[in-house]
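J.: The structure's right below; bear with me while I get my questions together.
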Amino acid sequence: MDLDLRKLRYFVAVADRLHFGRAADELHIAQPALSRQIRALEQDLGASLFTRNRHGVTLTDAGRQLLTDAGPLLASAHAVQRRVTVAARGSRRLVVGFRTGIPVIPAMQAFEARHPDVVVDVQRMEWDDQAAMLLDGRVDVGYVRLPIDEAGLRVTPLFAEPLMVVLPAGHRLAGKDEVTEADLTGEPLVWHADPSTRPTRRPYPDSGLRVRGVEETLEHVAAGRGISFVARSETVFHSRPDISYVPIPELAHDQVCFAMAASRTSPLADDFFTAALATAEITAECGVNDPSAAFLDGR
């Protein structure tokens, strides 16, 4: 039995929303048609994927397993479509993903010296879409920050950099040479939705705010709604008078890695990986000392 990707996309839509009506609206199909497709998928797999009762819709154990496996599978299929389209156009192009504060210029220059005919484009990634963008082909290779879901990826460490605590400009600790975690006891924390991405396990009070990128983080910190942590290179590109960055040496350093899809078989991607490894030290230095070297951060 071949797994029907269209049915799988329909399943993911329902599983994400746990509501057939809302999923049908999102997919622009009629709800009865969606229900028939889900039943057909259940018959194909020989397993019930949803429990439906008067309380609503929930996933069965089989449904939860399929949802876990569906993401990488659909992303891989989408990446195949993108790569075939690029190949059909006959263009030689490489898209490099990067996180805020990580310059790609050193590796680009080394790569372009060997491949002057290849167009290198860039795309900024946030913490929650790093893996997805690599798996679905939106970027071919990427500079990522840990933690990242490494399923389906090849991830190689490049360098590490210290973390800084971000404080409102009027904070009692703003302007200090350094602080400890003990100094921050009781401070509300502005952080990502996933607590596992925090650089510390110390129990900071939750501010109730959820942020996606550095810009959102700084807005909330400047407004006095909490503190946060960022890599040192990120502070270079986000200097502003209403916040203060202070070193916090006892925290583990932020790890920067190079990543690509494990299924990726591209000499160009491999050559850029080689360039990234060769220029890792230069990249780390540029990220801290030379904002002009990372002009791509604004894209």
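J.: Could you list, ordered by first residue, the pairs with Cβ atoms under 7 Å in which the first is in the range 219-247 and at negative phi and the second is of a type in the set (S, T, N, Q) and part of a loop (DSSP other than H, G, I, E, B), at least 6 apart or interchain?
T.: Final answer for the pair search is E234/T100; F237/T100.
J.: While we're here: Condition test on R225, is it closer than 17 Å to C286 by Cβ and either surrounded by 15 or more Cβ atoms within 10 Å (Cβ to Cβ) or of a type in the set (A, V, I, L, M) (or both)? Working first, answer last.
T.: Details: closer than 17 Å to C286 by Cβ: no; either surrounded by 15 or more Cβ atoms within 10 Å (Cβ to Cβ) or of a type in the set (A, V, I, L, M) (or both): yes.
In short, no.
J.: Quick check on this structure: which one of V166, V119 is in contact with a strand residue (DSSP E or B) (Cβ under 7 Å, 6 or more places away or on another chain) and surrounded by 15 or more Cβ atoms within 10 Å (Cβ to Cβ)? Steps first, please.
T.: Numbers: V119 fails: surrounded by 15 or more Cβ atoms within 10 Å (Cβ to Cβ).
Every option except V166 fails the conditions.
J.: A further question on this structure: Considering the range 155-201 alone, what residues qualify as being modelled with pLDDT under 85 and more than 21 Å from H220 (Cβ to Cβ)?
T.: R201
J.: Can you name every one of the strands (runs of 3 or more DSSP E) wholly within the range 1-116 that holds 2 or more residues which are crowded, with 17+ Cβ neighbours inside 10 Å and out of contact with any Phe, Trp or Tyr (no Cβ under 6 Å at 6 or more places or on another chain)? So that I can check it myself, show each step before the final result.
T.: On the way: elements: 50-53, 56-59, 93-98.
Of the strands (runs of 3 or more DSSP E) lying wholly inside the range 1-116, those with at least 2 residues that are crowded, with 17+ Cβ neighbours inside 10 Å and out of contact with any Phe, Trp or Tyr (no Cβ under 6 Å at 6 or more places or on another chain) span 93-98.
J.: Got a sec? Which of V144, V155, V120, V166 is assigned to a strand (DSSP E or B) and touching a Lys or Arg at 6+ places or on another chain (Cβ under 7 Å)?
T.: On the way: V155 fails: touching a Lys or Arg at 6+ places or on another chain (Cβ under 7 Å); V120 fails: touching a Lys or Arg at 6+ places or on another chain (Cβ under 7 Å); V166 fails: touching a Lys or Arg at 6+ places or on another chain (Cβ under 7 Å).
Only one candidate passes the filter, namely V144.
J.: Check the range 202-217 and report whether any residue there is at pLDDT 90 or above and surrounded by 18 or more Cβ atoms within 10 Å (Cβ to Cβ).
T.: Yes: one or more hits.
J.: Also, I was wondering about something else. Hey, among G142, G97, which residue is in contact with an Asp or Glu (Cβ under 9 Å, 6 or more places away or on another chain) and of a type outside the set (A, V, I, L, M, F, W, C)? Can you show your working first?
T.: On the way: G142 fails: in contact with an Asp or Glu (Cβ under 9 Å, 6 or more places away or on another chain).
Answer to the check: G97.
The values are calculated or read from the model by the stated rules, or taken from the named source; none is laboratory data. Keep in mind it's a predicted model, so treat the numbers as computed, not measured. Note that we place each Cβ from the backbone using ideal geometry, even for glycine, and neighbour counts take in every protein chain shown.
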